[in-house]
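Quick notes on the structure that follows.
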Amino acid sequence: MWTTGRGSGRNGEDPLVWYTAYGSNLHAARFDCYLYGGRPQGGARDYPGCRDRRPPRREAALTLPGGLYFAGRSPTWGGAMAYYDPALPGDLPCRACLVTAGQFSDVAAQEMYRSPRRRPRPHPRPGHRA
C-alpha cells in the first residue's frame, strides 16, 4: 500500500492509497465485488462490499519484481490461494487502484473473510471509567 500524500485526512477526508491487485483481482468484475458487493462468477460466497462505494479515483497497469506462488485452499474458490513473493524471479503483472484508506481497509477485511464494519470503540485504559 502506498499513500499519495493527497487526502491526508484534512477536512474529514480519508487519505488516498494505492491497492495493488494481482491474481484473480486483476479481473475488474472480481475486484468490483469487494467494492460494490456481490458474488464473483464461480465464487462460493457473497461479499458485502465497501461502506464507501465510490469507484477508484484512478487505475494503472504495472509490474512488480517477483512472482506468485500458490498454497493453502480458498474457501471461496476451492483451489489454492495466490501469494506475492518479491524474491521469485520474473515480473508480476498487477493493477493498481487508487482508493480511500477506508476502502482499502474494507477490501482487506473481505479478503480475510471478515465483514467491513465501523471502527471499534477504543478500550478504556485500566483504572479509568468509560
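The values are calculated or read from the model by the stated rules, or taken from the named source; none is laboratory data. In this text, all values refer to a predicted model and were calculated from it rather than measured experimentally. Virtual Cβ from ideal backbone geometry, glycine too; neighbours counted across all protein chains shown. Protein only, heavy atoms only, side chains kept; ligands, DNA and RNA dropped before computing areas. Shrake-Rupley method; radii C 1.70, N 1.55, O 1.52, S 1.80 Å.
In square angstrom, rounded to the nearest 10, how much accessible surface does residue 19 have for a 1.4 Å probe?
20 Å²
What percent do you get for the relative contact order of segment 30-89 when only Cα pairs under 8 Å and 6+ apart count?
Working: 83 pairs, mean separation 15.5, N = 60.
Relative contact order for segment 30-89 comes out at 26 percent.
In what sequence, highest mean first, do 100-111, 58-69 appear when ranked by Cβ atoms within 10 angstrom? Could you put the intermediate results ahead of the total?
On the way: 100-111: 19.2, 58-69: 13.2.
Output ranking for 100-111, 58-69: 100-111, 58-69.
Kirkwood Rh, segment 19-97, all Cα pairs: how many Å? Let's see the in-between values first.
Details: mean 1/r = 0.0734 Å⁻¹.
Kirkwood radius, segment 19-97: 13.6 Å.
Compute the accessible area per residue over segment 7-69, keeping the other protein chains in place, probe 1.4 Å, unit Å².
57 Å²
Spin-label point model (7 Å from Cα, Cβ direction): what's the residue 63 to residue 117 distance in nm?
4.3 nm
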